[in-house]
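Engineer: Before we start, here is the structure in question, set down as structure tokens.
Every number in this text was worked out from the coordinates using simple rules, so none of it is lab data. It should be emphasised that the depicted structure is a prediction, and the values quoted were computed from it without experimental measurement. A quick note on method: Cβ atoms are made from the backbone with ideal geometry, for glycine too, and the neighbour counts reach across all protein chains shown.
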Amino acid sequence: MKYLQNTFLFRAFKQNKFIFCFILTFIFFQQYFYSKKNSSFPWYVWIMYSYPNYEPDTLTQLEIYIDNKRLNLAKIPIWQEAVLVNTFKKYYELQQTNYHESFKQLVDERSNELKIVSKNYIENTICNQKEEAEKYKNWILAYMEKYVVQKKIHQIEYKEVHYKQTQKQFTKAGNSKLLLTIKHAN
Amino acid sequence: MPTKTSLSIQRYAPMVFGLFLILYVYRIHSFSILYYTANSPLKNVDTNYTYWLLLLLQFPSYIIQQKWLCTLIDSGVFVVCVFCIFSKKKRYIFARILLFLFFIQISTLQIFSCTHTKSIACLMIALLPFVCKEEKNTVLLIEFARYFLIYIMVISAYHKVVNGGLMQTDNFPNMLLHQHLDLATLYPQHISYCISHWLIEHKTIANGLFVLLFCTQAIFVIGIFTKRYDRILFVLLFGFAVSTYFIMRIYNFDIVLLGLTLIFFKGTRKRQSI
């Protein structure tokens, strides 16, 4: 009994019921999202870098070319690199699926459960729409001009490039695939 | 007359908010604030239900379209954090404002930069104790934050075992190959690649380092039973954050902020468990 009284949760219960309920709720959601392998901020499943990695025959890389010169992503801050790469990946995914979000079905299922809000409202608010995706090219061009190279850009190209490791050197394997070209309007 | 607890909090709070401010300045320098992401047209929420709810309330979509509001929130976080460092009596009020502003800022940023950083949760939990007016409640939440840190580290170690990453031969050298392809092809003189390249060539040492990384995380399990070794755990945590930054180019300093909870409690022989 003395051991139990000394536990953190017991002390929290004795000290402040509100904080105790808050902690229990937090633990409940943490466990719920963990069991669902779902990451809903601020609850996360900490499983990064836990799966086996095998020595690959080829490695694929996304490369960004600004006016035909490859952008050195290692020389820009990691968050800026994440913005350039991740927003593009989202845009490309939408473009390839004809602007159909991969989780749209889940949104539909969940919105059916919520009768109080209209299904269209939920879908339009959570999922990207074609009109929003169409603004992306101009936005990323302006972003790169302002915050990445600080000069006018005529053309941006996103390419998928395959590399092969031979004798501890990486060499391009096959042709690179051009995924997106953005040209300045003027 | 100030109590022993209040003195501890008065010393601890400026450390937490000071480090938060340093990390925030680094974020500004790294373009990770709303100002730079303003007007971003694409959102990415995947199956993050918190972000679903926020989008349904419309305010992240509104904020991102208003550059002045983005600037106001970004500067608000900075200014309120400075107040949190220096204000002793009203700190709990500023901490509440800071937590609210930071939550709005980071949620909007993560949704519209299509980038979800897990360690942000650590910043939220590290700031949480200071929203309490009463000191004993602050201490209780600092202890909760400490247990949350232990959970993160232990669960991460646990998954390295159950998902097979730990048992896989040459897992770490292969991981480094994937992680640093851009450096290998474009910027091989980068310090991260120089270290990684050496490790890829010396696979035994790399494998040993991965086991060491696992042990560093797993050893946090001690923290569930005792606070005696908290300072050692803090040193390990700091080493973990620095080494992952230089070797893997992974930013883990948000966890260090949560790690400050390890130096709040003085060593005790008392057996305490969750």
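Engineer: So what is the relative contact order of chain A, in percent, for Cα pairs below 8 Å that sit 6 or more residues apart?
Structural biologist: Numbers: 158 pairs, mean separation 40.7, N = 186.
Relative CO of chain A lands at 22 percent.
Engineer: Could you work out the percent of alpha carbon pairs in chain A separated by over 31 Å, rounded to a whole number? Could the numbers behind the result be given before it?
Structural biologist: Details: 7715 of 17205 pairs.
Here the long-distance tail beyond 31 Å is 45 percent of all Cα pairs in chain A.
Engineer: Per 10 Å bin from zero, what fraction in whole % of the C-alpha pairs of the range B:84-141 is there, up to the bin with the longest pair?
Structural biologist: The calculated distribution, bin by bin, is 22, 47, 23, 8.
Engineer: Report the one residue of B:247, B:175, B:224 whose Cα lies farthest in the direction of the positive end of the charge dipole of the range B:157-274 (charges on C-beta: Lys and Arg +1, Asp and Glu -1; origin at the Cα centre).
Structural biologist: B:224
Engineer: Related question: Give the aspartates and glutamates whose C-alpha is closer than 16 Å to that of residue B:118, dropping any in the same chain fewer than 8 places away, or say none.
Structural biologist: B:46, B:254
Engineer: Also: For chain B, with a Gaussian network of springs between Cα atoms less than 10 Å apart, report the residue from B:181, B:23, B:149 with the top mean-square fluctuation.
Structural biologist: Of the options given, B:181 has the highest mean-square fluctuation.
Engineer: May I pose another question? For the range A:53-69, what does the Karplus curve 6.51 cos²θ - 1.76 cosθ + 1.60, with θ = phi - 60°, yield as ³J(HN,Hα) per residue in whole Hz, taken in order and with x for Gly and Pro?
Structural biologist: So the Karplus estimates, Gly and Pro as x, are 10, 9, 5, x, 6, 10, 10, 10, 9, 8, 10, 10, 10, 10, 6, 6, 10 Hz.
Engineer: Right, next: Among the helices of chain B (complete DSSP H runs), which have Cα atoms covering no less than 30 Å along the helix axis and a Kyte-Doolittle mean of at least 0.0? Intermediate results must be reported in sequence, preceding the final value.
Structural biologist: Working: long enough: B:4-29 (38 Å, 0.72); B:91-112 (31 Å, 1.58); B:135-162 (40 Å, 0.93).
Helices meeting the span and hydropathy rule in chain B are B:4-29, B:91-112, B:135-162.
Engineer: Here's another thing I want to ask about it. What is the order of B:247, A:78, A:156, fewest Cβ neighbours within 10 Å to most? Don't jump to the answer; show the numbers that get you there.
Structural biologist: Working: B:247 21, A:78 18, A:156 24.
Fewest-to-most Cβ neighbours within 10 Å comes out as A:78, B:247, A:156.
Engineer: Sticking with this one: Quick check on my link table: of A:159/B:160; A:14/B:89; A:75/A:130; B:160/B:227; A:75/A:177, which ones sit more than 30 Å apart, alpha carbon to alpha carbon? Walk me through the intermediate numbers first.
Structural biologist: Numbers: A:159/B:160 33 Å; A:14/B:89 26 Å; A:75/A:130 33 Å; B:160/B:227 25 Å; A:75/A:177 24 Å.
Flagged as over cut-off: A:159/B:160; A:75/A:130.
Engineer: Something else now. Just need the relative contact order of the range A:82-151 here, percent rounded to a whole number, with Cα pairs under 8 Å and 6+ apart. It would help to have the intermediate numbers written out before the result.
Structural biologist: Values: 28 pairs, mean separation 20.0, N = 70.
Relative contact order here is 29 percent.
Engineer: Then there is this: How high is the relative contact order of chain B, given as a whole-number percent (alpha carbon pairs under 8 Å, six or more residues apart)?
Structural biologist: Details: 304 pairs, mean separation 53.4, N = 274.
Here the relative contact order equals 19 percent.
Engineer: Give me the distance between the Cα centres of the range A:3-20 and the range A:111-162, rounded to whole Å.
Structural biologist: A separation of 47 Å, based on Cα centres.
Engineer: With each pseudo-label sitting 7 Å past Cα toward Cβ, what's the residue A:48-residue B:232 distance in nm, one decimal?
Structural biologist: My value for the distance between the label points is 2.7 nm.
Engineer: Could I ask something else about it? Over the whole of A:118-125, what's the average partner chain Cβ count within 10 Å per residue? Rounded to a whole number, please. The partial results should precede the final answer.
Structural biologist: Values: counts 0, 0, 0, 1, 3, 0, 1, 9.
Across A:118-125, the average partner-chain Cβ count within 10 Å equals 2.
Engineer: Follow-up. What does the charge dipole of the protein assembly as shown about its Cα centre add up to, to the nearest 20 debye, if the Cβ of each Lys and Arg holds +1 and the Cβ of each Asp and Glu holds -1? Provide the component values of the computation, followed by the final result.
Structural biologist: Numbers: 51 positive and 27 negative charges, 369 e Å.
Result for the protein assembly as shown is approximately 1780 debye, rounded to the nearest 20.
Engineer: Percent of Cα-Cα pairs per 5 Å bin, from 0 to the last occupied bin, for the range B:62-208, please list those.
Structural biologist: 2, 8, 12, 12, 12, 12, 12, 12, 10, 7, 2, 0
Engineer: How high is the FRET efficiency between residue A:95 and residue A:145 when r is their beta carbon distance and R₀ equals 22 Å, given to the nearest 0.05?
Structural biologist: Working: r = 22 Å, r/R0 = 1.00.
With a Förster radius of 22 Å, E is 0.50.
Engineer: Another one. Compare the Cα positions of A:136, A:180, A:92 along the charge dipole of the range A:72-186 (+1 at Cβ of Lys, Arg; -1 at Cβ of Asp, Glu; about the Cα centre) and return the one farthest towards the positive end.
Structural biologist: A:180
Engineer: Still on this structure, please answer the following. For chain A, find the longest principal axis of its Cα atoms and tell me its angle to the long axis of helix A:17-35, 0 to 90°, nearest 10.
Structural biologist: Rounded to the nearest ten degrees, it is 50.
Engineer: With only Lys, Arg, Asp and Glu charged, each at its Cβ (+1 for the first two, -1 for the last two), find how big the charge dipole of the range B:149-257 is about the Cα centre; round to the nearest 20 debye.
Structural biologist: Values: 6 positive and 5 negative charges, 69 e Å.
Dipole of the range B:149-257, to the nearest 20 debye: 340 debye.
Engineer: How far is helix A:78-96 tilted, in degrees, relative to the longest principal axis of the Cα atoms in chain A, given as a value from 0 to 90 rounded to the nearest 10?
Structural biologist: Long axis of A:78-96 versus the principal axis of chain A: about 80 degrees.
Engineer: A further question follows. Just name one of B:113, B:196, B:92: the one whose Cα is farthest towards the positive end of the charge dipole of chain B (beta-carbon charges, Lys/Arg +1, Asp/Glu -1).
Structural biologist: B:92
Engineer: Given Cα positions, please report Rg to Rh for the protein assembly as shown, the hydrodynamic radius being the Kirkwood one. Provide the component values of the computation, followed by the final result.
Structural biologist: Working: Rg = 23.4 Å, Rh = 24.1 Å.
Rounded to two decimals, Rg over Rh is 0.97.
Engineer: Here's another thing I want to ask about it. To the nearest 0.05, what FRET efficiency results for residue B:133 and residue A:32 with a Förster distance of 45 Å applied to their C-beta separation?
Structural biologist: On the way: r = 30 Å, r/R0 = 0.67.
About 0.90, to the nearest 0.05.
Engineer: Kindly provide the trypsin sites (Lys or Arg not before Pro) of the range A:51-155 that DSSP labels as loop, not H, G, I, E or B, and whose Cβ sees at most 10 other Cβ atoms within 10 Å. Each step should come with its number before you reach the end.
Structural biologist: Working: sites: A:69, A:70, A:75, A:89, A:90, A:104, A:110, A:115, A:119, A:130, A:135, A:137, A:146, A:151, A:152; in loops: A:115, A:135, A:151, A:152.
Answer by residue number: A:115, A:151, A:152.
Engineer: Treating only the Cβ of Lys, Arg, Asp and Glu as charged (+1, +1, -1, -1), what charge dipole size does the range A:30-186 show about its Cα centre? Round to the nearest 20 debye.
Structural biologist: Numbers: 23 positive and 17 negative charges, 89 e Å.
With Lys and Arg at +1 and Asp and Glu at -1, about 420 debye.
Engineer: Oh, and also: Most exposed first by the Cβ proxy, i.e. fewest other Cβ within 10 Å, how do A:184, B:197 rank?
Structural biologist: With the sparsest Cβ surroundings first, the list reads A:184, B:197.
Engineer: Then there is this: For a quick check, take a GNM of chain B with Cα springs below 10 Å and name the residue from B:248, B:124, B:167 with the largest mean-square fluctuation.
Structural biologist: Of B:248, B:124, B:167, the most mobile in the Gaussian network model is B:167.
Engineer: Which residue, A:72, A:38, A:112, has the most motion in a Gaussian network model of chain A that connects Cα atoms within less than 10 Å?
Structural biologist: A:38
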